[in-house]
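The structure appears right after this line, and notes come after that.
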Amino acid sequence: MKKTLLTIVAALFLCGVVNAQQPTWPTANLDAHRWSSNTPIVAAVSIDGVVQTDLANLTLGAFAGSDELRGRANVTNYSVYDYNNSAQFWIQVFYNYNTTEDISFKLYDAANQTEYATCEVTKPTQDQGWGTPGNPVELNFTATPQTVTQTLTLSAGWNWVSIYIDMTDGSGMDMLKAALGDHGITIQTYDDFADYFGDGEWSGLEDYVLTNGEMLMIEVEDDCSINLSGAAAASEVEITINPGWNWIGFPIASETDINVAFSGFDPEDEDVIQDFTGFSDYLGEWIGDIVKLVPGQGYMYYSTSESPKVLVFSSALSKNK
């Protein structure tokens, strides 16, 4: 195997599969028989210069050509690869012998469903192959720009949903309609709706500007999962809560304790929050069926206040979930 054939490689032995949601990367048969050669390396991973020592939610991928997956590694028990308190990926990359294929890398964080695709590679200064536990290849991923993929798992019939992909460019409704495709029946907002007529044609909500702070009701023909991709929503999203019932979204990518999630708000006693299956009341704290707010879930909020108030959802608070 000639190391010079790969311009950049950080390949690890496949070492387990995490239970968290996986990236929607193009699949490939990661088999040594498909390509003539393969090479392993040991890699230390950083995000914006911060070394990642907890790899449980991370997946590292190596790609060639037009995003063709050539190597992939998850770590479930990374202590086996913990060298001097520095957790490391071990990955295997496949390539075609006697070619000069460029290999690039992506990192996926299942905790917030974020993909990092911009990577600076620093290879070992000594001739130690593609890294050793004492001298690994260093992969430093940049947090921005980044792509977030939100998966909506929908059940046949009606679903209450919200979006945590950035909707500020106004393309959100068109993206949602396209993703639903022939699964779709109806999309309903607080005061309007669109119906699906087949062959990709929707009627209604043509110029609707979808926001991250609202809930949608979506009716689908069958059980399905759809993916929406784009930048993450703003770190803070403000939602106006009017007296009475409001349809609100949860624009955060992490499941968050309800009392933590509402830290940026001052509920009134006997306010109510409801999802599709249960509800909670505010009596000095939130009490009831809903103990955590869930990414992708839409909610109805009943405010007993006599005037509008502003609710702020913050992604920083979700880290204290």
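Matching residues to (1) under 25 Å from LYS177 (Cα atoms); (2) over 26 Å from the mean Cα position of the chain (by Cα); (3) in a strand (DSSP E or B); (4) without any contact (Cβ under 8 Å) to a residue 12 or more places away in the chain:
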site	(1), (2), (3), (4)
THR211	yes, no, no, no
ILE218	yes, no, yes, no
ASN227	yes, no, yes, no
ALA234	yes, no, no, no
ILE252	yes, no, no, no
PHE262	no, no, no, no
PRO295	yes, no, no, no
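Taken together, SER203, SER254 contain a single residue that is in the same structural domain as ALA156 (by TED's automatic domain parsing) and over 22 Å from ASP271 (Cβ atoms), which is SER203. From the list THR186, THR211, the lone residue that is at pLDDT 95 or above, surrounded by 15 or more Cβ atoms within 10 Å (Cβ to Cβ) and polar (S, T, N, Q) is THR186. If I filter the stretch 177-190 for residues that are over 28 Å from TRP245 (Cα atoms), assigned to a strand (DSSP E or B) and touching a residue at least 40 places away in the same chain (Cβ under 8 Å), do I get at least one hit? No, the stretch 177-190 contains no residue that is over 28 Å from TRP245 (Cα atoms), assigned to a strand (DSSP E or B) and touching a residue at least 40 places away in the same chain (Cβ under 8 Å).
Each residue in the stretch 218-259 was checked for being modelled with pLDDT of 90 or more, under 25 Å from SER155 (Cβ atoms) and of a type in the set (S, T, N, Q), and 4 pass. When residues in the stretch 154-184 are screened for being under 13 Å from GLY230 (Cβ atoms), among the β-branched types (Val, Ile, Thr) and in contact with a strand residue (DSSP E or B) (Cβ under 6 Å, 6 or more places away or on another chain), 1 of them pass. For the stretch 67-81, the criterion of being of a type in the set (Asp, Glu), on the phi > 0 side of the Ramachandran plot and either under 20 Å from the mean Cα position of the chain (by Cα) or modelled with pLDDT under 90 (or both) is satisfied by at least one residue. Residue pairs whose Cβ atoms lie under 9 Å apart, separated by 6 or more positions or on different chains, with the first residue in the stretch 110-138 and surrounded by 15 or more Cβ atoms within 10 Å (Cβ to Cβ) and at pLDDT 80 or above and the second of a type in the set (Lys, Arg) and part of a strand (DSSP E or B), are GLU115/LYS106; TYR116/LYS106; ALA117/LYS106; CYS119/LYS106. Restricting SER314, SER263, SER303, SER280 to those that are touching a helix residue (DSSP H, G or I) at 6+ places or on another chain (Cβ under 7 Å), among the small types (Gly, Ala, Ser) and closer than 30 Å to GLY157 by Cβ reduces the list to SER280. Only one of the numbered conditions (1) surrounded by 21 or more Cβ atoms within 10 Å (Cβ to Cβ); (2) of a type in the set (A, V, I, L, M); (3) farther than 30 Å from PRO23 by Cα is violated by LEU205, and that is (1).
Restricting to the stretch 228-240, what's the tally of residues that are more than 15 Å from ASP166 (Cβ to Cβ) and surrounded by fewer than 20 Cβ atoms within 10 Å (Cβ to Cβ)? Result for the stretch 228-240: 1.
If we scan the stretch 298-314, do we find a residue that is closer than 27 Å to ASP182 by Cα and not in a loop (DSSP other than H, G, I, E, B)? The answer is yes, given that some residue of the stretch 298-314 is closer than 27 Å to ASP182 by Cα and not in a loop (DSSP other than H, G, I, E, B). ASP54 meets each of the listed conditions (1) exposed (fewer than 15 other Cβ atoms within 10 Å of the Cβ); (2) outside any loop (DSSP other than H, G, I, E, B); (3) modelled with pLDDT of 75 or more apart from (2).
The values are calculated or read from the model by the stated rules, or taken from the named source; none is laboratory data. Source: prediction; values computed, not measured. Counting neighbours? That spans all protein chains shown, and the Cβs are built from the backbone with ideal geometry, glycine included.
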